[in-house]
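Since the structure comes first, as structure tokens, the remarks are kept for the end.
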Amino acid sequence: MPAVADTSTLAALSAIGQTRLLNAIFGRILIPPAVFDELVTDGEGWEHAAEVQRVIREEDWIEMCQGELPPDLHALAGLGRGETEAIALALRLRFPLLTNDQKARRRGEALGVEVRGSLGVLELAKYLGLIHEAKPLVFAMRDAGIHLSDEIINEFLTKLDEV
């Protein structure tokens with residue numbers, strides 16, 4: 001099933017050269033216009049977005065798709081434009097949402113959206129046999145500047161039996 005992504009998950013996986021996992025797991029990734037702008041228009045030269053920018057330009061499995069904003073925006077107040085549009089698109093299409101933003105995750109889940117972050121993508125990739133081990137990729141993300149606390153890393157690696 002396709003998924004909707006905001007900038008955070010795409011940038012995290014792009015930073016470690018693993019956007020291919022999204023294609024292998026979900027087939028298609030849909031992004032709203034605000035995410036396209038953050039990654040491509042405004043993100044030109046952004047090192048973390050280089051791989052995803054290449055995929056958007058050269059391949060067809062990441063595509064921009066407009067999502068109608070819900071009439072009651074109160075549930076999405078305080079989120080950035082990219083997160084708001086991504087949640088709206090995931091709601092409209094009933095697709096999973098990929099985001100690392102904690103506030104967006106909570107809001108999406110409260111609205112009934114299935115939500116996964118970068119670590120959730122790595123977890124699926126391991127269970128599907130797409131990667132042998134998640135641990136080096138987790139530390140590569142952190143080394144690339146993606147915020148992951150020691151607590152989150154330890155909890156995740158324990159869950160995957162990779163401590």
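The values are calculated or read from the model by the stated rules, or taken from the named source; none is laboratory data. Treat the numbers as computed from the prediction; the structure is a model and nothing was measured. Glycine also receives a Cβ, built like all others from the backbone with ideal geometry; neighbour counts cover every protein chain displayed. What goes into the accessible areas is simple: the full protein's heavy atoms, side chains included, and nothing from ligands, DNA or RNA. Shrake-Rupley method; radii C 1.70, N 1.55, O 1.52, S 1.80 Å.
Figures for the structure shown
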| quantity | calculated |
| --- | --- |
| Local electrostatic count at residue 159 - Lys and Arg +1, Asp and Glu -1, tallied over other residues with Cβ under 14 Å | -3 |
| Choice from 60, 101, 37 with maximal GNM fluctuation in the chain (Cα, 10 Å cutoff) | 60 |
| Most fluctuating residue given options 111, 122, 89, as computed from a GNM of the chain linking Cα atoms under 10 Å | 111 |
| Taking the stretch 81-163 and dividing mean pair separation by its residue count, relative contact order in percent (alpha carbons under 8 Å, at least six apart) | 20 percent |
| Entry for volume of the Cα convex hull per residue in Å³ (calculated from the structure that is shown) out of [x] 136; [y] 120; [z] 108 | [z] |
| Largest-first ordering by accessible area, 1.4 Å probe, given options 63, 114, 155, 83 | 155, 114, 63, 83 |
| Sparse-neighbour loop sites [trypsin sites (Lys or Arg not before Pro); the stretch 62-163; at most 12 other C-beta within 10 Å; DSSP] | 94 |
| Choice from 149, 118, 14 with maximal GNM fluctuation in the chain (Cα, 10 Å cutoff) | 149 |
| Computed helical MRE - 222 nm, the chain, DSSP H runs ≥ 4 contributing -39500 (n - 2.57), nearest 500 | -14000 deg cm²/dmol |
| Neighbourhood net charge (11 Å Cβ-Cβ; Lys/Arg +1, Asp/Glu -1) for residue 126 | -2 |
| Of the GluC sites (Glu not before Pro) in the stretch 10-52, those whose Cβ has at most 12 other Cβ within 10 Å and which sit in DSSP loop | 44 |
